[in-house]
1. Scan 4, 69 and give me the residue that is over 30 Å from residue 135 (Cβ atoms) and modelled with pLDDT of 80 or more.
2. Quick check on my filter: what residues within segment 226-251 are surrounded by 13 or more Cβ atoms within 10 Å (Cβ to Cβ) and either modelled with pLDDT of 70 or more or in a loop (DSSP other than H, G, I, E, B) (or both)?
3. Quick one: which helices (runs of 4 or more DSSP H) sit completely within segment 1-76 and have at least 3 residues that are surrounded by 13 or more Cβ atoms within 10 Å (Cβ to Cβ) and in contact with a helix residue (DSSP H, G or I) (Cβ under 6 Å, 6 or more places away or on another chain)?
4. Conditions first: (1) at pLDDT 70 or above; (2) in a loop (DSSP other than H, G, I, E, B). Residue 313 passes all but one, so which condition is the exception?
5. Determine, yes or no, whether residue 131 is farther than 30 Å from residue 245 by Cβ, surrounded by 14 or more Cβ atoms within 10 Å (Cβ to Cβ) and under 28 Å from the mean Cα position of the chain (by Cα).
6. Among 356, 419, 424, which is assigned by TED's automatic domain parsing to the domain that holds residue 12, within 25 Å of the chain's Cα centre (by Cα) and assigned to a helix (DSSP H, G or I)?
7. Kindly establish whether residue 23 is under 30 Å from residue 201 (Cα atoms) and modelled with pLDDT of 85 or more.
8. Among the numbered criteria (1) under 26 Å from residue 282 (Cβ atoms); (2) out of contact with any helix residue (DSSP H, G or I) (no Cβ under 9 Å at 6 or more places or on another chain), which one does residue 407 miss?
């Protein structure tokens, strides 16, 4: 038994590590394709992009781990079945259920590790990932001098470059407007060509210009010459230096993102969820107090002296006994009170909807801490018997089958989570519905595999349909 268990474990570990790496790599490529415009051309250091990729890989574990367990389990048992090793195991008196015991233990350990990761490490990874992604997307483009347009990237400067050479460094027909609001003047510099480069410390951008003219307008001295002064300079070569300190990416305080549900662990989700629920319940009591003041049943004055004549109420005619002017006054008072009640109810209803959404978000995120572990077990129950049934190893049929079942799991999970957020389903049912649906499928497949089912044998289906056709012909 120990040798069989070791054989199964060795057959599972290698495909699991490879598939986990491949799936995470594919998800990382999807992330890069999605945010490629926010990363390219902004002058980031290599370690900034590397940090973003590492944090994104950590956040993808919740999707990559279940898919890797499903795919690796199909590959493991499919390869054993293809090489007739499962037949040898069964001939030795070991059933498929007993052969799955060591794998169940390993997957259970992985599920526990996934829960610990989801509760402790994933909130930290989410906080670092989303804060860094926010700063990256806020970063200005490093293309400071585009062709043919005036660029205002540098404060108090407006620069236009008519054309650049393919090297991106040689400039032609450069025009620079310099605004000095303190001295209330404007300088214009025009050069036929130039070359730009950055200083070694990357603090300044230097434009080395040739064959140009500089026009300078300044205010004259108040006492001697109150008129404006215009000066023109011709130069063969000059340099303009521009500060690049504004291009450095400024990091936002990560604590500003900790109020999001993705950045909380179980204790925080429980605490803030209960606090929001209590706030929602207290608002309902306040709603009753606000509305009850407009219900005249609670505020009818006591009957006064006999000098006041009260008109009895008639069910069929509420305005009976009232004059036309009294009826108009009554209608105006009633309509104004109705409008007041509508305004109060609308504002309070909007507040209640937002608070209810917050409560549901906390509850959904709380349940998602557990569904990751349950998904690993449920998909293993599907993958292992499927591999034993289809009896195909490698990355062919197992990949197709695993992708189909994972898409089924992901679609059901997405629909359930969205319905829970909308309030159509409870957070527990919405987050667990995919596990509830897939677990019976896994148990059924395990039963069929243990009984040597021909569930995916096309020849068996051909024989079945041929028998039906022969019966109809007879």
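1. Just one listed residue meets the conditions, 69.
2. 235, 238, 240, 242, 244, 249 - these are the residues of segment 226-251 that are surrounded by 13 or more Cβ atoms within 10 Å (Cβ to Cβ) and either modelled with pLDDT of 70 or more or in a loop (DSSP other than H, G, I, E, B) (or both).
3. Details: elements: 2-34, 36-39, 46-59.
Per the criteria, 2-34, 46-59.
4. Exception for residue 313: condition (1).
5. no
6. Details: 356 fails: assigned by TED's automatic domain parsing to the domain that holds residue 12; 424 fails: assigned to a helix (DSSP H, G or I).
Unique residue meeting the criteria: 419.
7. In short, no.
8. All conditions are met except number (1).
The values are calculated or read from the model by the stated rules, or taken from the named source; none is laboratory data. The model shown is predicted, which means the values in this text are computed figures rather than measured ones. Cβ coordinates were reconstructed from backbone atoms using ideal geometry, including for glycine residues, and neighbour counts include every protein chain displayed.
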